[in-house]
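Beneath this line is the structure, given in structure tokens, with notes to follow.
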Amino acid sequence: MSDITARPTLSEQTDQGIADTLAGHGPGGLRAALLFMGPAVIVSIAYLDPGNFATNIQAGSKYGYSLLWVVLLANALAMLFQALSAKLGIVTGRNLAELCRERFPTPVIYAMWAVSEIAAMATDVSEFLGGAIGLSLLFHIPLLVGMAITGVITYAILMLDERGFRPIELIIGGFVGIIAVSYLIELLVAPVDWAQAGLGTITPNLPDAGALTIAVGIIGATVMPHAVYLHSSLTQYRGHAKTDSDRRMLLRFSNREVVGALALAGLVNMAMLIMAASAFHAGHSDVAEIETAYHTLTPLLGAGAATFFLISLLASGVSSSVVGTMGGQVIMQGFLGVRIPIWVRRLVTMLPAFVVVAAGVNSTDALIYSQVVLSLALPVPLVALAIMVRNRALMGEFASSRWMQAVTAIATAVIVLLNVVLLLQTFGVDVPGLPAA
């Protein structure tokens, strides 16, 4: 009797609302948009992770507002690839990693999986360190203890997946809101030169080779491999589209959500850099670490601004760690057809972060290097995604048009070229036209 009268869960109610909307008799307007909202909100947290804090602080403190255009470019690239990933899941009912396993030779599959796993572990380094740094500075506890607490909180949130997809979507959305409000407050307090900020947003400029390293780090912290894989997984079952008409409607809602969620994430990233530029560049351009930024903010902008900075960092670390674990699970299951318990996945990907801290590696340096690793891994999912969405046998009428194929190819080439230049610079090869560091 209790089973018959049991109230539908929040996830079941959302599924029914989506089905009703697709059938033409669901709610309209904002209520309909809220039903479809979720996948892009979840992946947007990947663009607000602690790696963004580290790269944006370094960019703003050392180069002022001059690298804001890189944040804008990275956000535009993120919108493109996340929209394509969501489209792939909606149209095919499969995610990117699964399709790679179906369509590529076995050696290629294992190589792609290995690169993507390394990227997932690099992601976890930045996420765990960010959450741990926030806890450590807020509550004056050792960094390793902060990491352990971050791991427990992350696991607790991941367990909500047993209740369906909606609770995690709402929690991640709440974390995004906390980060956004924190940085809105920061901008109200910081002495921003808005004219210079506007100029830095629209004027491409790389002052020296060090700026290139940070620029590639910004792109690596913004367009993230695990987010590209994850988005197609989050949309592959959403709405259970049965007809092309259903798929077109799902795509319309998906594209709107991608633009909205990632525009917000992009604005927050720009706010991070603007805050660092306005607070540090003039007299503290050597600020390059999150801990130093916190301690320097207190006398410059007040204890309140510094506290909001830590709250946003903590929210970022916890939520992005949840999303990183979800992405890692999709990568392993999709490429290898293997699903392991979530606690095992969480434990394995936590270990590199603990090793980094136990070895005494500077935490902010580890965050920056992790973003460079992510950037170097980016071409793998991006090239695979570009191949899939142009395949008419797979996508049917939803295959990318010629102009979209051209845009995708150019965007992918830009990222690959930046990574090649970074590698040359790393090995001491002079890059023509680039100023010396």
Task: Which listed residue, of 96, 84, is in contact with a Phe, Trp or Tyr (Cβ under 7 Å, 6 or more places away or on another chain), hydrophobic (A, V, I, L, M, F, W, C) and within 19 Å of residue 222 (Cβ to Cβ) - done: 96
Task: Selection within region 57-72 - crowded, with 22+ Cβ neighbours inside 10 Å, part of a helix (DSSP H, G or I) and under 23 Å from the mean Cα position of the chain (by Cα) - done: 57, 58, 59, 60, 61, 68, 70, 71
- [ ] Six or more apart or on different chains, Cβ under 8 Å: which pairs go from a residue in region 162-180 that's closer than 15 Å to residue 47 by Cβ to one that's crowded, with 19+ Cβ neighbours inside 10 Å and acidic (Asp, Glu)? Could you list them?
- [x] none
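Answer yes or no as to whether residue 12 is surrounded by fewer than 20 Cβ atoms within 10 Å (Cβ to Cβ), acidic (Asp, Glu) and in a helix (DSSP H, G or I).
It is true that residue 12 is surrounded by fewer than 20 Cβ atoms within 10 Å (Cβ to Cβ), acidic (Asp, Glu) and in a helix (DSSP H, G or I).
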Open item on the list: Checking the structure you have, find out if any residue of region 138-147 is over 27 Å from residue 341 (Cα atoms), of a type outside the set (D, E, K, R) and part of a helix (DSSP H, G or I).
Closed with: yes
Task: Hits in region 77-95 (condition: surrounded by fewer than 24 Cβ atoms within 10 Å (Cβ to Cβ) and either outside any helix (DSSP H, G or I) or among the small types (Gly, Ala, Ser) (or both)) - done: 83, 93, 94
Task: Residue pairs meeting the criteria (Cβ under 8 Å; at least 6 apart or on separate chains; first under 15 Å from residue 133 (Cβ atoms), in region 350-361; second hydroxyl-bearing (Ser, Thr, Tyr)) - done: 356/363; 357/363
- [ ] Mind counting the residues in region 153-190 that are over 23 Å from residue 53 (Cα atoms), among the small types (Gly, Ala, Ser) and outside any helix (DSSP H, G or I)?
- [x] 1
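Coordinate-derived values only; no laboratory data. Keep in mind it's a predicted model, so treat the numbers as computed, not measured. No Cβ is skipped: glycine too gets one built from the backbone with ideal geometry, and neighbour counts run over all protein chains shown.
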